[in-house]
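Reviewing the structure listed below.
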Amino acid sequence: MAKLLVLTLAGLAVALFKGHQSSYQTRFAVSREVTPVEPPNCNFIKGVESGAEDLEILPNGLAFLSTGLKYPGIKSFAPDNPGKILLMNLNEEDPAVSELQIRGSKFDLSSFNPHGISTFTDEDNTVYLLVVNHPNFKTTVELFKFQEGEKSLLHLKTIRHELLPNVNDIVAVGPEHFYATNDHFFTDSYLRSWELYLGLAWSYVVFYSPDKVQVVAEGFDFANGISISPDSKYVYIAEFLAHKIHVYEKHANWTLTPLKSLAFDTLVDNLSVDPATGDIWVGCHPNGVKIFSYDPENPPGSEVLRIQNILTEEPKVTVVYAENGTVLQGSTVASVYKGKLLIGTVFHKALYCEL
């Protein structure tokens, strides 16, 4: 009887292991390759050499790029250099980037490690830039005022909260009001690795304001990019390792109600919404293992999706860019402005394309 019990338990363990291995391979799209789709007029953006993990384009064509991210388990081509916020003018004939100077005596530039970014323009046309920061691999949200004439950012405030332990991306709905995705539940690196490996869908989304902070959505297998519809009625959330984009209805009290989900065969990262059309542009990773286990001989590929009419019964999904890493490695974000497309990456270069 004891031998039978041991054999039964061993059989269950093998079955669970095989089932988990299969789930892991699916979640990380281990064997996926893509058929190349490349717009004809794409060039590297001059001055971007260590990623542009997130980007945000203002209505006037000025674009902010977050560069130099250091993230646990992810390659960095500039591990000893602090991150930067770059500025690019898409109205120029051959746009290049320039570094925005950060002003503010209390801000530590040496540990600046920017991740997701979002802008908010006030009624008086003041532009605020909110930046997810990971100084010493902790998490803060930095609030800046954009000073266009000086090409600088004035640091106004550092935001910390126990419900913001592992922020990946944010979408601003006020100067100090935003939704944020926490891509992990645990903060300890060992526990985070097991959370990732086991597929514990424990990550969550928070609404933050100076007066109220609350969890508004949860149960995600690595909550990643987040954005909002042009009319501010709907919030879109990318679930990275479930390959899904979720649509939530936003309410007056800032709570969210789930409406629908779209499933993909690629790992969805940051989301950008075209304010003119409402189309969602998604930076994606065709193969997740290549992102977390970097091999220069077999680098991670890049993929960009465009989603039209997401609120209808039959949204249209188009692959706008795709290739297996020979040109662009590890795309995280894509955004458009007047027929121009920007594609950023977690640690590599960035592309500027004429559509």
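Each reported figure results from applying straightforward, stated rules to the coordinates on display, with no laboratory input. Small disclaimer: the values here were computed from a predicted structure and weren't measured. As a convention, Cβ positions derive from the backbone with ideal geometry for all residues, glycine included, and neighbour counts pool all protein chains shown.
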Study note, to complete from the structure: For 176-186, 24-34, ranked highest to lowest by mean beta-carbon neighbours within 10 Å, the order is 176-186, 24-34
Check your understanding: Just going by the charge dipole of the chain, with Lys and Arg at +1 and Asp and Glu at -1 on Cβ, which of Y236, F44, G339 is farthest out on the positive end?
Key -> Y236
**Study point:** Packing-based order for 128-134, 213-219, 317-323, using average beta carbon neighbours within 10 Å, highest first
**Key:** 128-134, 317-323, 213-219
Study note, to complete from the structure: Plugging the Cβ-Cβ distance of S261 and S293 into 1/(1 + (r/R0)^6) at R0 = 25 Å yields, to the nearest 0.05, a FRET efficiency of 0.30
Study note, to complete from the structure: Applied in sequence order to the stretch 109-116, the curve 6.51 cos²θ - 1.76 cosθ + 1.60 (Karplus, θ = phi - 60°) yields integer Hz couplings, x standing for Gly and Pro, of 5, 5, 10, 5, 9, x, 10, x
Review point. Along the stretch 295-311, what does the Karplus equation 6.51 cos²θ - 1.76 cosθ + 1.60 (θ = phi - 60°) give for ³J(HN,Hα), rounded to whole Hz, x for Gly and Pro?
Key: 10, x, 7, 9, x, x, x, 9, 8, 10, 10, 10, 10, 9, 6, 5, 7
Exercise for review: Could you give the C-alpha radius of gyration of the chain expressed as a fraction of 2.2 N^0.38 Å, taking N as the number of residues it contains?
Suggested key: 0.99
Review point. Alpha carbon centre of the stretch 41-87 versus the stretch 163-233: separation in Å?
Key: 21
Revision key, fill the gap. Between the Cα axis of helix 189-198 and the main Cα principal axis of the chain, the angle (0 to 90°, nearest 10) is 60
Practice item. At q = 0.11, 0.12 Å⁻¹, what is the base-10 log of I(q)/I(0) for the stretch 146-293 according to the Debye formula with one equal point scatterer per Cα and no solvent? Please give it to two decimals. Key: -0.44, -0.53
Point to revise | Karplus-derived 3J(HN,Hα), 6.51/-1.76/1.60, for each residue of the stretch 60-65, Hz, glycine and proline x | key: 8, x, 7, 10, 9, 10
Check your understanding: When we measure straight from the Cα of K145, which aspartates and glutamates land under 17 angstrom away, once same-chain ones fewer than 8 places off are left out?
Key -> E56, E99, D108, D122, E123, D124, E176
Practice item. Mind jotting down a quarter of the surface of the convex hull over the alpha carbons of the stretch 213-325, in square nanometres, one decimal? Key: 7.8
Study note, to complete from the structure: XL table K212/K244; K75/K340; K233/K260; K260/K340; K244/K316; K75/K138; Cα-Cα > 20 Å flagged, in table order, is K212/K244; K75/K340; K260/K340
